[in-house]
Amino acid sequence: MVAFASAITISRPHLKARGIVGITFSPKGNRLNRILIVTLVLLGAACSRQESKPSTAGDPAKGKQLITQYGCTACHSVPGIEGPRGEVGPSLEHVAVRPLIAGKLPNNPQNLTQYLLNPQTVSTLNIMPNLGIKPDEARDIAAYLYTLK
Ligand code: HEC
């Protein structure tokens, strides 16, 4: 029974297994089973919390300064940043809640940081230039962009 339980957890780590585990372990629930179920439920809860809170580990206040410094507003309208509100690129308002970056990459901290470091990751035809941003700067800028919900 224990081996069976482990197999389920390992082969289906993505399932929010609370209900499933409960059903699988109904037979006369001995103490070990109950402990196992409680552990799995706690594990499941911990996993879903992690998934729902991605982070760039960057500093949004620094990111804000860097956006001014790199002149992003020459091409983008960026909420909270003074500047020309350029129209070459899309407005970055609500960029945090867009599902895709540049219409192609799933929007998550890793992809957004990578995109800022090298916009041509998406396509060599992408006209956003490579601005020579450093990795820690890209994380800070991404942290600011994720405040734009
Ligand atoms: C020379 C103009 C230009 C500059 C400067 C520029 N960008 Fe862009 N950016 C673009 C263009 C054009 C696109 C659209 C690319 C596409 O979708 O193919 C884009 C796309 C983006 C996207 C994806 C937006 C989305 O909705 O998918 C982000 C994020 C972004 N830029 C951030 C920045 C940041 C931050 C800076 C400053 C560090 C910056 N850009 C500087 C032109 C520019």
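The values are calculated or read from the model by the stated rules, or taken from the named source; none is laboratory data. What you see is a predicted model; the values in this text were computed from it and never measured. Every residue, glycine as well, gets a Cβ built from its backbone with ideal geometry; the counts of neighbours run over all protein chains shown.
Take the conditions more than 7 Å from the ligand (Cβ to nearest atom) and farther than 19 Å from LYS64 by Cα and apply them to THR147. Does it pass?
On the way: more than 7 Å from the ligand (Cβ to nearest atom): yes; farther than 19 Å from LYS64 by Cα: no.
No.
I'd like to check something: does the stretch 127-140 contain any residue that is crowded, with 20+ Cβ neighbours inside 10 Å and either of a type in the set (Phe, Trp, Tyr) or at pLDDT below 95 (or both)?
No, the stretch 127-140 contains no residue that is crowded, with 20+ Cβ neighbours inside 10 Å and either of a type in the set (Phe, Trp, Tyr) or at pLDDT below 95 (or both).
Quick check on this structure: which one of LEU116, LEU145, LEU125, LEU100 is touching a Leu at 6+ places or on another chain (Cβ under 9 Å), without any contact (Cβ under 8 Å) to a residue 40 or more places away in the chain and hydrophobic (A, V, I, L, M, F, W, C)?
Details: LEU145 fails: without any contact (Cβ under 8 Å) to a residue 40 or more places away in the chain; LEU125 fails: touching a Leu at 6+ places or on another chain (Cβ under 9 Å); LEU100 fails: touching a Leu at 6+ places or on another chain (Cβ under 9 Å).
One residue alone meets the criteria, LEU116.
Among (1) surrounded by 14 or more Cβ atoms within 10 Å (Cβ to Cβ); (2) near the ligand (Cβ under 8 Å from one of its atoms), where does THR113 come up short?
(2)
Which residues, counting only those in the stretch 133-144, are within 10 Å of the ligand (Cβ to nearest atom) and assigned to a loop (DSSP other than H, G, I, E, B)?
ILE133
All but one of (1) at pLDDT below 95; (2) near the ligand (Cβ under 10 Å from one of its atoms) hold for ILE81, so report the exception by its number.
That leaves (1) as the condition not met.
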